[in-house]
Amino acid sequence: MTDNAVEGEFAGQVAIVTGGSQGIGGAIARRLSAGGAAVTICARRADRVSDAVERLRVSGARAHGLVADVRDPADVRRIVDETVREFGRLDVLVNNAGTGQIRDTLTLELDAWRGLIDTHLTGAFLMSQAAARVMIPARRGVILNIGSVFSIRGMPRRAAYCTAKHGLVGLTQALACEWAPHGLRVVALGPGYISTVREMPIDFSGEVVERRTPQGRWGTPEEMAEVAAFLCSPRASFVNGSLTMADGGWVAYGGW
């Protein structure tokens, strides 16, 4: 159990974490497991899925792994159906699957645009729809969409990414309003720059991120997982339809 985990807060619950084999998704899967949840991890790389599931099982958690693509409606149905068959219910969905993209908009290919939008936004819609078909009859459930600082800000060369992340906020708000009468909450988390992406190609340096962030550092996946756990827990029972930023002050700071 992590130091900050509330013992048993997710006992008896079942969660799905897409893109849950590493990074923020992996940390959220571990944190939910530490709180007592059974977790299905799904991602596109079989080796990463198996490694993540094994780590959870070694810690004593109940875990299930699936190699799947959230852009594929058949895979989405399989993720939810297998989770319910394996664990008997579904209480939490974390829509975390995603990928980065930094490209000049004038030369951005349509396939690249569609690939990113489908992964971040259409995938979240499909997963939410499939999960809600289980959650609504049970009159309980939480859907957490992982956004970004670019859910409410823009930056050059990120047209598809910003569009997808802005869209996730709209999806969060629409679903939260529509499904609240059925006992569901739909919320979003907006991470800032996180250490696991530090080695990925970006068009400015890590030192710039630190200087631009009021807290003067990169965030950690574990910090994001703590906020995610709160949002998914009964402690956040009146939080619905909102985007919670965890960005070290990035959005609040208007300078560069």
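Looking at (1) farther than 14 Å from Glu222 by Cα; (2) in contact with a strand residue (DSSP E or B) (Cβ under 8 Å, 6 or more places away or on another chain), which is the only condition Arg55 fails?
(2)
Restricting to the range 83-112, give me the number of residues that are buried (at least 18 other Cβ atoms within 10 Å of the Cβ) and either closer than 14 Å to Cys42 by Cα or not charged (D, E, K, R) (or both).
11
Can you tell me which residue is surrounded by the fewest Cβ atoms within 10 Å (Cβ to Cβ) among those in the range 131-149 that are touching a residue at least 24 places away in the same chain (Cβ under 8 Å) and more than 16 Å from the chain's Cα centre (by Cα)?
Arg139
Right, Glu9: acidic (Asp, Glu) and outside any helix (DSSP H, G or I) or not?
yes
Being of a type in the set (A, V, I, L, M, F, W, C), over 30 Å from Ala130 (Cβ atoms) and more than 18 Å from the chain's Cα centre (by Cα), is that true of even one residue in the range 150-158?
Yes - at least one qualifying residue is present in the range 150-158.
Before we move on, is Cys177 in contact (Cβ under 8 Å) with a residue 60 or more places away in the chain, more than 22 Å from Asp69 (Cβ to Cβ) and out of contact with any strand residue (DSSP E or B) (no Cβ under 7 Å at 6 or more places or on another chain)?
Against the criterion (in contact (Cβ under 8 Å) with a residue 60 or more places away in the chain, more than 22 Å from Asp69 (Cβ to Cβ) and out of contact with any strand residue (DSSP E or B) (no Cβ under 7 Å at 6 or more places or on another chain)), Cys177 qualifies.
Pick from Thr119, Thr163, Thr196: which is among the β-branched types (Val, Ile, Thr), touching a Ser or Thr at 6+ places or on another chain (Cβ under 7 Å) and more than 21 Å from Phe230 (Cα to Cα)?
Answer to the check: Thr119.
Filter the range 59-90 down to residues that are aliphatic (A, V, I, L, M) and closer than 15 Å to Leu32 by Cα and give me whichever is modelled with the lowest pLDDT.
Among those residues, the one meeting the criterion is Ala61.
Could you please let me know if Ala188 is over 17 Å from Asn96 (Cα atoms), at pLDDT 95 or above and in contact with a strand residue (DSSP E or B) (Cβ under 9 Å, 6 or more places away or on another chain)?
For Ala188, the condition - over 17 Å from Asn96 (Cα atoms), at pLDDT 95 or above and in contact with a strand residue (DSSP E or B) (Cβ under 9 Å, 6 or more places away or on another chain) - is not met.
Can you tell me which residue within the range 200-234, out of those that are of a type in the set (D, E, K, R) and without any contact (Cβ under 8 Å) to a residue 12 or more places away in the chain, is surrounded by the fewest Cβ atoms within 10 Å (Cβ to Cβ)?
Restricting to residues being of a type in the set (D, E, K, R) and without any contact (Cβ under 8 Å) to a residue 12 or more places away in the chain, the top hit is Glu207.
Hey, can you tell me all the residues within the range 51-64 that are over 19 Å from the mean Cα position of the chain (by Cα) and small (Gly, Ala, Ser)?
Ser59, Gly60, Ala61
The values are calculated or read from the model by the stated rules, or taken from the named source; none is laboratory data. Since this is a predicted model, take the numbers as computed values, not measurements. Note that each Cβ is placed from the backbone with ideal geometry, even for glycine, and that neighbours are counted across all protein chains shown.
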